[in-house]
1. Which one is modelled with the highest pLDDT among residues in region 186-212 that are within 15 Å of Ile141 (Cβ to Cβ) and touching a Leu at 6+ places or on another chain (Cβ under 6 Å)?
2. All but one of (1) closer than 21 Å to Pro357 by Cα; (2) at pLDDT 95 or above hold for Asp226, so report the exception by its number.
3. Taking Tyr103 as meeting all but one of (1) at pLDDT 90 or above; (2) under 41 Å from the mean Cα position of the chain (by Cα), write down the number of the exception.
4. Restricting attention to region 351-368, report how many residues are farther than 21 Å from Lys320 by Cα and either among the β-branched types (Val, Ile, Thr) or at pLDDT 95 or above (or both).
5. Considering only region 61-77, how many residues are at pLDDT below 90 and hydrophobic (A, V, I, L, M, F, W, C)?
6. Taking Ile114, is it at pLDDT below 90, part of a strand (DSSP E or B), surrounded by fewer than 16 Cβ atoms within 10 Å (Cβ to Cβ) and on the phi < 0 side of the Ramachandran plot?
7. Tell me, which residue of region 46-69 that is touching a Lys or Arg at 6+ places or on another chain (Cβ under 8 Å) and surrounded by fewer than 13 Cβ atoms within 10 Å (Cβ to Cβ) is farthest from Leu132 (Cα to Cα)?
8. For Ile32, are the conditions met, namely being modelled with pLDDT under 80 and under 31 Å from the mean Cα position of the chain (by Cα)?
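The values are calculated or read from the model by the stated rules, or taken from the named source; none is laboratory data. Quick caveat, the model's predicted, so the values are computed rather than measured. Cβ atoms come from the backbone with ideal geometry, glycine included; neighbour counts cover every protein chain shown.
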Amino acid sequence: MTKLSPTSILCLLVILTSMFFSQTVAQKTEDILVLFNSYGLLYTTIDKEFELPDGWSVLQVSASRWYTEKKSTQSEYLIPVELPSGKYKITSNMAISESGEKYVNTPFGLGKVINEGRNITILKSSEKTDALFSVPGGYRIYYTLKENTMEQFFELRSPIDKAYVILSTAPNETYTRVSYAKMAVESALSEEVTTGGRKIFILGYQEGLTSGLNLRNKVFTVTRKDWNKIELNYTYTYNWQPTDYVVEIKTTDELPAGQVYIYSTILGKSVPIGITNMPDINKEGEIYVSKSWQVYHAWTLTKMTKASGRTYIVGELNLKGNGTVKLIIRGKSIAGLTISAGSVLKTASDYAEIQIPVSGIAKVNISFNYAE
């Protein structure tokens, strides 16, 4: 995902803080964490000297004077020591115990590592001040779909454990699949606003962010329709192949893309039948689940002729199985569409959508023409 420019970042932060925080900077008592898909913005108060954790970068500091300074620290050892009995992992010249204690050989004998040498960056400012950092982190959005009920969840990850959390999403931003250490599901029901072209979820104060906090954001009702979908390849004859199983949903919400767990009712029980990726849905959309065992289709092209810049198609669609089929025909300037079974749901100059009920075996004669 392309990150926002520094100007956009600062503008967004100004908008968010002006909308949701009435206190002045001097009165701010909570860290503000804005989570994007694969990184975060942390707005916090720092002392005159602040050591930057790994992966952090400074974006803006409110002090009258500030700079960063790189330093190197030396390793420190406790010498001499005896190696306690127990289980160890050996990596190069180091022994690591089950509790995480580290032992190495030094020129003066076996030593226990007290502090490992490392390179650090220190942010120094003229006074205690507020600062904006880019930090590792992000979020994952996922859903459950059970009959006509949908649940939206957020998985939050951050290098700081407690903050006032805001999620920022935009269309076509990919989401990152992550594994999480623990599951802490609770009802959050965030406030949602749109600003700067982005959907903002205000989650408020949260704890447990470093552990992979999971929140159920909301539960809502959708209009659901399960289809066996066929995109008709009408220019050649083909043999039996499965339809696509898709779920069409309509809602009053705008839903950012995420993983969705699809459930169906089997013998009176709600059973998970698939996990798939859902695209961004603006009020209505379609979720591809898998290929379908319910209905198979085959196409016989009986006639294809060209005249006066148009192509004329005549053929037979063969169906077998049980279920409802949504047949899609695409072409430029479609005209003269006739079908021997089913009903036309939608038509446009380059698109036709046909519903066909299937119980056992069905044959549908189809003819139309389109511009070359």
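1. The residue in question is Phe201.
2. Of the numbered conditions (1) closer than 21 Å to Pro357 by Cα; (2) at pLDDT 95 or above, the odd one out for Asp226 is (2).
3. If we test Tyr103 against (1) at pLDDT 90 or above; (2) under 41 Å from the mean Cα position of the chain (by Cα), just (2) comes out false.
4. Result for region 351-368: 2.
5. 0
6. It is true that Ile114 is at pLDDT below 90, part of a strand (DSSP E or B), surrounded by fewer than 16 Cβ atoms within 10 Å (Cβ to Cβ) and on the phi < 0 side of the Ramachandran plot.
7. Glu69
8. Working: modelled with pLDDT under 80: no; under 31 Å from the mean Cα position of the chain (by Cα): yes.
Criteria not met by Ile32.
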